Amino acid sequence: MENGKNTIKEDIRIADSTANPAPLGLVAFSGRLEKGDLVSYLTLWGLFSFVMFVITFKLPKALQVVFGLLTTLLIFLIRGNAAGKCYCP
């Protein structure tokens, strides 16, 4: 049994050592976000959720509620961040 655990650990170590340090195209970010950056990011998610909300008109009401509330939440987040009422670490 112990040998099996070592093999798994070695497989993980080998996979980690050959893996891309930024998987799936993600970029490590360690800087400070500007207000406009966060508003742009939230706006893109807001547009996506609004499109999904429109698509759900032909689907069950529960999905309409979920995407409608998500769109509403993102609108409030965008307005709050654009007005400068946010904490951007």
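Computed values, structure above
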{"read-out": "Segment residue 59-residue 76, extension gain: residue separation times 0.36 nm, minus the distance between their alpha carbons", "value": "3.6 nm"}
{"read-out": "Length released on extending from residue 83 to residue 69, taking residue separation times 0.36 nm less the Cα-Cα span", "value": "2.9 nm"}
{"read-out": "Using θ = phi - 60° and Karplus 6.51 cos²θ - 1.76 cosθ + 1.60, couplings along segment 43-56 (whole Hz; Gly, Pro as x)", "value": "5, 4, 5, x, 5, 4, 5, 5, 4, 5, 4, 5, 4, 6"}
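Laboratory data are not the source of any read-out in this text; all were calculated from the coordinates shown. What you are looking at is a predicted structure, and each value in this text was computed from that prediction instead of being measured.
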